[in-house]
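Have a look at the structure below before the remarks.
Derivation of every value follows stated rules applied to the coordinates shown; laboratory data play no part. This is a predicted model, so every value here is computed, not measured. Positions of Cβ are generated from backbone atoms using ideal geometry, with glycine treated the same way; all protein chains shown enter the neighbour counts.
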Amino acid sequence: MFAVLKTGGKQYKVTSGDVLRVEKLAATAGETVQFNEILMVGDKVGVPFVEGAGVQAEVIEQIKGEKVIHYVRRRRKHSSKRTKGHRQQLTLLRVTEILDSGADKSGIKAAIGAGSVSGAAVAAAAPAKAEKPAKAAKPAKKAEAAPKAEGADDLKKLSGVGPALEKKLLDAGVTSFAQIAAWTEADVAEFDEKLSFKGRIEREGWVEQAKELAAK
């Protein structure tokens with residue numbers, strides 16, 4: 001029996017015993033994880049996912065992909081150019097079992113992508129999002145100060161970030177300049193793809209700006 005699973009924005013057709021590389025998961029070598037976003041199992045087709053289906057896999061090791069050369073050239077008054085290499089962080093897995101039903105009761109840890117955003121940061125973003133509809137009047141802006149004191153910064157201070165992009169970042173759990181300042185090249189590539197920023201993070205220099213804003 002085969003299954004088609006979804007993880008890291010990609011789809012993989014697998015059978016029991018297959019070894020595959022996926023975008024980095026929050027798991028350690030030897031641990032068993034379960035993919036619950038299953039698009040197809042045998043002749044069952046999901047809408048979009050097959051209810052109760054799952055794919056279990058053993059984590060073999062955390063690895064890096066092939067190096068990709070990234071070249072940036074800015075045509076400005078003070079022009080600059082830079083060449084950087086990037087290796088995507090990946091997780092090597094071996095598929096151990098395919099379940100067409102009952103996966104929701106298996107008790108196996110769900111396969112979750114390993115980003116730089118912590119669970120605490122996601123929780124901190126919730127009150128900030130709840131306050132957004134109350135921004136119609138000026139007094140409402142003062143009311144937003146309380147969530148910011150808990151860790152949510154005004155991300156619109158970053159170059160090119162308006163309300164729409166700020167919402168995307170908050171929804172992804174990014175709430176402070178300190179988080180962005182700590183992004184590695186792999187984090188930048190991950191968020192660029194996940195949030196469809198199309199190179200905006202590198203182009204606008206968010207990491208450097210965040211370091212300056214976080215130091216204030």
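What to note about this one:
- The loop-placed trypsin sites (Lys or Arg not before Pro) in region 1-95, going by DSSP, that have at most 16 neighbouring Cβ atoms within 10 Å of their Cβ come out as ARG75, ARG76, LYS77.
- The phi-based Karplus calculation (6.51 cos²θ - 1.76 cosθ + 1.60; θ = phi - 60°) puts the 3J(HN,Hα) values of region 57-74 at 8, 9, 6, 7, 6, 8, 10, 10, x, 5, 6, 10, 8, 10, 10, 10, 9, 9 Hz, whole numbers, x for Gly and Pro.
- Between region 173-210 and region 1-64, the C-alpha centres lie 27 angstrom from each other.
- Residue-by-residue Karplus 3J(HN,Hα) for region 81-95, coefficients 6.51, -1.76, 1.60, Hz, glycine and proline x: 9, 8, 10, 9, x, 9, 10, 5, 7, 10, 10, 8, 10, 10, 5
- Entries in LYS6/LYS109; LYS67/LYS109; LYS167/LYS211; LYS64/LYS167; LYS24/LYS44 that, when Cα-Cα distance is taken, lie over 26 Å: LYS67/LYS109; LYS64/LYS167; LYS24/LYS44
- Karplus (6.51, -1.76, 1.60) ³J(HN,Hα), θ = phi - 60°, over region 13-22, in Hz, Gly and Pro reported as x: 8, 9, 10, 4, x, 5, 10, 9, 10, 10
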